[in-house]
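Input: a single structure, listed below in C-alpha coordinates.
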Amino acid sequence: MENPVNNIKDQKVRAYFEAVTEKRDPACKLTADEMEVGVNQLIDGLDKALAEGAEMVARAKLGEVPEAISFSYIAKKYFGKSRGWLMQKVNGNTVNGKQAAFTDAERKQFREALQDISKQLSTAALAF
(Lines give C-alpha, C1' and ligand atoms only; values in the text may rest on other atoms or scores of the structure.)
Protein backbone atom coordinates (compact mmCIF):
# COMPACT_ATOMS: atom_id res chain seq x y z
CA MET A 1 0.00 0.00 0.00
CA GLU A 2 1.41 3.36 -1.02
CA ASN A 3 2.22 5.98 1.61
CA PRO A 4 -0.52 8.69 1.48
CA VAL A 5 2.20 11.38 1.75
CA ASN A 6 3.42 10.30 -1.70
CA ASN A 7 0.23 11.84 -3.09
CA ILE A 8 1.63 15.31 -2.29
CA LYS A 9 3.11 16.76 -5.48
CA ASP A 10 5.30 19.64 -4.23
CA GLN A 11 8.62 18.32 -2.85
CA LYS A 12 8.87 20.96 -0.11
CA VAL A 13 5.33 20.28 1.08
CA ARG A 14 5.88 16.53 0.88
CA ALA A 15 9.08 16.82 2.94
CA TYR A 16 7.18 18.82 5.56
CA PHE A 17 4.40 16.21 5.86
CA GLU A 18 6.87 13.31 5.81
CA ALA A 19 8.62 14.85 8.80
CA VAL A 20 5.34 15.44 10.63
CA THR A 21 4.05 11.91 10.01
CA GLU A 22 7.39 10.48 11.16
CA LYS A 23 7.17 12.62 14.33
CA ARG A 24 10.21 14.72 13.40
CA ASP A 25 10.52 18.49 13.36
CA PRO A 26 10.02 19.75 9.80
CA ALA A 27 13.11 21.43 8.34
CA CYS A 28 10.96 24.10 6.71
CA LYS A 29 7.81 26.12 7.31
CA LEU A 30 4.85 26.23 4.97
CA THR A 31 2.67 29.13 3.95
CA ALA A 32 -1.04 28.83 4.61
CA ASP A 33 -1.62 28.07 0.92
CA GLU A 34 1.06 25.37 0.87
CA MET A 35 -0.41 23.86 4.04
CA GLU A 36 -3.89 23.79 2.53
CA VAL A 37 -2.68 22.16 -0.69
CA GLY A 38 -0.66 19.63 1.32
CA VAL A 39 -3.55 18.75 3.61
CA ASN A 40 -5.93 18.31 0.65
CA GLN A 41 -3.48 16.11 -1.24
CA LEU A 42 -2.75 14.11 1.92
CA ILE A 43 -6.49 13.56 2.40
CA ASP A 44 -6.73 12.35 -1.20
CA GLY A 45 -3.85 9.95 -0.53
CA LEU A 46 -5.55 8.70 2.64
CA ASP A 47 -8.80 8.17 0.72
CA LYS A 48 -6.91 6.08 -1.85
CA ALA A 49 -5.22 4.06 0.90
CA LEU A 50 -8.56 3.42 2.63
CA ALA A 51 -10.15 2.27 -0.61
CA GLU A 52 -7.20 -0.04 -1.29
CA GLY A 53 -7.39 -1.38 2.26
CA ALA A 54 -11.11 -2.05 1.92
CA GLU A 55 -10.49 -4.00 -1.29
CA MET A 56 -7.75 -6.03 0.43
CA VAL A 57 -10.16 -6.87 3.26
CA ALA A 58 -12.84 -7.89 0.76
CA ARG A 59 -10.39 -10.19 -1.05
CA ALA A 60 -9.28 -11.71 2.27
CA LYS A 61 -12.90 -12.38 3.25
CA LEU A 62 -13.37 -14.47 0.11
CA GLY A 63 -10.65 -16.87 1.28
CA GLU A 64 -10.69 -20.01 -0.87
CA VAL A 65 -14.09 -19.28 -2.43
CA PRO A 66 -12.59 -18.37 -5.84
CA GLU A 67 -10.98 -21.81 -5.95
CA ALA A 68 -14.10 -23.64 -4.75
CA ILE A 69 -16.73 -22.22 -7.09
CA SER A 70 -16.83 -21.10 -10.69
CA PHE A 71 -16.24 -17.37 -10.97
CA SER A 72 -16.75 -17.77 -14.70
CA TYR A 73 -20.32 -18.90 -13.98
CA ILE A 74 -20.93 -16.00 -11.56
CA ALA A 75 -19.51 -13.44 -13.98
CA LYS A 76 -21.63 -14.70 -16.87
CA LYS A 77 -24.90 -15.44 -15.07
CA TYR A 78 -25.06 -12.56 -12.61
CA PHE A 79 -23.15 -9.80 -14.42
CA GLY A 80 -23.17 -10.75 -18.10
CA LYS A 81 -19.38 -10.31 -18.08
CA SER A 82 -16.28 -12.46 -18.45
CA ARG A 83 -14.42 -14.27 -15.68
CA GLY A 84 -11.48 -11.94 -16.33
CA TRP A 85 -13.66 -8.90 -15.64
CA LEU A 86 -14.81 -10.37 -12.32
CA MET A 87 -11.32 -11.43 -11.26
CA GLN A 88 -9.96 -7.94 -12.03
CA LYS A 89 -12.58 -6.52 -9.67
CA VAL A 90 -11.94 -9.13 -6.97
CA ASN A 91 -8.16 -8.80 -7.17
CA GLY A 92 -8.11 -5.02 -7.60
CA ASN A 93 -5.96 -5.24 -10.73
CA THR A 94 -4.83 -2.09 -12.51
CA VAL A 95 -6.77 -1.74 -15.77
CA ASN A 96 -6.06 1.17 -18.13
CA GLY A 97 -4.07 2.88 -15.37
CA LYS A 98 -6.87 2.65 -12.80
CA GLN A 99 -7.43 0.11 -10.04
CA ALA A 100 -10.45 -2.08 -10.80
CA ALA A 101 -12.96 -2.09 -7.95
CA PHE A 102 -16.58 -2.98 -7.39
CA THR A 103 -19.09 -0.17 -7.39
CA ASP A 104 -21.53 -0.29 -4.47
CA ALA A 105 -24.17 -1.76 -6.79
CA GLU A 106 -21.76 -4.42 -8.11
CA ARG A 107 -20.68 -5.30 -4.57
CA LYS A 108 -24.34 -5.80 -3.61
CA GLN A 109 -24.97 -7.85 -6.75
CA PHE A 110 -21.90 -10.02 -6.02
CA ARG A 111 -23.05 -10.57 -2.42
CA GLU A 112 -26.51 -11.60 -3.68
CA ALA A 113 -24.94 -13.96 -6.22
CA LEU A 114 -22.92 -15.68 -3.49
CA GLN A 115 -26.04 -15.96 -1.32
CA ASP A 116 -28.00 -17.45 -4.23
CA ILE A 117 -25.26 -20.01 -4.89
CA SER A 118 -25.14 -20.78 -1.17
CA LYS A 119 -28.87 -21.59 -1.21
CA GLN A 120 -28.44 -23.77 -4.29
CA LEU A 121 -25.57 -25.67 -2.65
CA SER A 122 -27.59 -26.16 0.55
CA THR A 123 -30.56 -27.47 -1.41
CA ALA A 124 -28.34 -29.84 -3.40
CA ALA A 125 -26.61 -31.08 -0.25
CA LEU A 126 -29.94 -31.84 1.44
CA ALA A 127 -31.24 -33.63 -1.66
CA PHE A 128 -28.14 -35.80 -1.99
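The values are calculated or read from the model by the stated rules, or taken from the named source; none is laboratory data. Owing to the predicted nature of the structure, the values given are computational and were not obtained by experimental measurement. Keep in mind that these areas ignore ligands, DNA and RNA; they rest on the heavy atoms of the full protein, side chains included. Shrake-Rupley method; radii C 1.70, N 1.55, O 1.52, S 1.80 Å.
Miscellaneous remarks
- Note that the range 43-86, at 10 °C in a medium of 1.306 mPa s, gets a Stokes-Einstein diffusion coefficient of 132 µm²/s from its Kirkwood radius over C-alpha pairs.
- The tail of the calculated P(r) for the range 55-118, taken as Cα-Cα distances beyond 15 Å, holds 49 percent of the pairs.
- With all protein chains modelled, accessible area of Asp47 [1.4 Å, Å²]: 90 Å²
- Relative contact order of the chain, pairs being alpha-carbon contacts under 8 Å that are 6 or more residues apart, as %: 17 percent
- Using a probe radius of 1.4 angstrom, the carbon and sulfur fraction of the accessible surface of the chain is 54%.
- Cα-Cα over 20 Å, subset of Lys48/Lys89; Lys77/Lys119; Lys9/Lys89; Lys9/Lys29: Lys9/Lys89
- Principal axis extents of the Cα atoms in the chain, from largest to smallest and rounded to whole angstrom, are 72, 28, 20.
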